1. Assuming 0.36 nm per residue, please report the length gained on full extension of the stretch residue 141 to residue 350 beyond their Cα-Cα distance.
2. Listing 94, 329 from the residue with the fewest other Cβ atoms within 10 Å to the one with the most, what is the order?
3. Sequence-distant or interchain residues sharing an amide H contact under 5 Å with residue 409, placed H: which?
4. Tell me, what ³J(HN,Hα) does each residue in segment 393-401 have, in order and in whole Hz, if you take phi through Karplus 6.51 cos²θ - 1.76 cosθ + 1.60 with θ = phi - 60° and put x for Gly and Pro?
5. Most exposed first by the Cβ proxy, i.e. fewest other Cβ within 10 Å, how do 56, 340 rank?
6. With just the Cα atoms defining each centre, how far is segment 412-467 from segment 254-287? Give it in Å.
7. Starting from the Cα of residue 134, move 7 Å in the Cα-to-Cβ direction to define the label point; list residues of segment 152-178 whose amide nitrogen is under 20 Å from there.
8. Quick query: amide H of residue 244 versus all other amide H atoms, modeled in the peptide plane; which residues come in under 5 Å with a sequence gap of 5 or more or a different chain?
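Every read-out reported here was derived from the displayed coordinates using simple, explicitly stated rules and does not represent laboratory data. All values derive from a computational prediction rather than experimental measurement. Every residue, glycine among them, receives a Cβ derived from its backbone with ideal geometry; neighbour counts consider all protein chains shown.
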Amino acid sequence: MKRMICLALALALAACAAPAPQSGTEPPAPATAESAALTVGPLYTLPDTCGGYWGWNTGDAYYEYAREGQSNSMAALALKTDYATGRQEPVCKVPGCTHDSESCPAWLADWGRISLMVFDDEVYFLYYALDPESRQSYQEQGWEGYLQNLRGSEEYAAAGDKAAYEERARRSYEQAISPSYLEKISADGLTRTRLFTLPEDMDWDVSFRWSDGAALYGVQYGSNHTSALVRLDLATGELTTLPLRDTEWPVAVSGNRFLISSVVSDEPLDWNSEPEVLNAQLQSATAVFSLLDFAADTREVVYQEPYDPITVYNGFSRIYNGKLYFVRVGTENNTISRVWVEDYDPADGQLHPVTDSLGSGTTWPGTASGFPPVRAGAGNRWMWLENYMTNQDWLLDLDTGELHEITQRQLRDGMWQMVSTMAQTNDGRWMIGYAPHSDTHNDRCDYGFIAPEDFLAGSEQYDRVEMWP
């Protein structure tokens, strides 16, 4: 159930993990008239629910979709784990529903490219369309041509129930040619309604990562290492785009503003030059972190330091209680020698060490990771750290600076891994994913509740959730 970013991999792929920045000396992009009239509320990071690995924690319940588990099936079912009752059940109240067809509002024919979200205790599904060229390719092929090719595949030949296999393929095909859309399950759990469909010609190279409850905000990846912030109004489907300056990249949110990372240099940088030439140019570059007001298109510089070419965003992890947290990497002879955490406090303008060295094999989750026990809108107090070389895991308490080693393990895919901290409830308990649900549903965990102090002390005495099959 864990998603981790291997430090060695992050370093090796730094150039492709984030768009290579260009010189920050270009003039600012003008604000649009649309963006100037907007009001942005308090922002929070969205959990990454696409694929069903993580869910959405409201403080009273945990929402997710579970894959069907059958061979060659892309079907899934939206589930709710109620913290008060300790039960998991479908987000459906249709009398006598079997939860296995399109008549069920919680059933998804194809979970691919769908994110689950919850606002005011109502469940939404956002489908991210394929890019226009890919959709056109499917459309030109047509269902009959798609089916003909499918029937000639080894996978089709091995399928037992050919009719069921073709029906699943039909639903996947229909999803592939569909533009992006937003749907919502009614508050009574009886119906699911499509709220709006987005333009078919829109380039959906967009990742929505934040919300203020009224809209979604994401990053649109452009060509030439450029990007833009995109706002999707949840009530109307209206899209507003704010082009960003060269090298700017949103990495977090604070209040109603976006924390932007950028690279500023004295001269334009040639990102296509030889590595030694580019690295020489970057020696004088500066990494700048600024707070961006989306509506006004204004920036306030929070912190800047020499640019570090071997880590993504200079090792930035998150912003918490106004402090910027960095996972630092020390090297000797081009080899990682140590990893540690430090923060920058704008109140005194100083960097402060948070941990001692954690070893050279330490990894950390990204800012948008769903791992720590945090509900949407709550501060991300806990930082997960792992040393993959020693198989050690820690939770770092950013309020106290205490580093708690986590010893509880689960056997998953033939490996002993740390259990998953899924959510924190409004009454202060933690919900832990302590074991795979089954061999069939290996992407899911069985859940149990425990007091944080007991968990941090090594206890595995969970108040177990009654899981949906």
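1. So the extension gain works out to 69.3 nm.
2. By the 10 Å Cβ count, ascending, the order reads 94, 329.
3. 419
4. Result, rounded to whole Hz: 10, 9, 10, 9, 7, 6, 6, 10, x.
5. Least crowded to most crowded, the residues run 340, 56.
6. A separation of 41 Å, based on Cα centres.
7. What the label zone holds, given the 20 Å backbone N cut-off, is 168-178.
8. Residues meeting the amide H criterion: 227, 228, 229.
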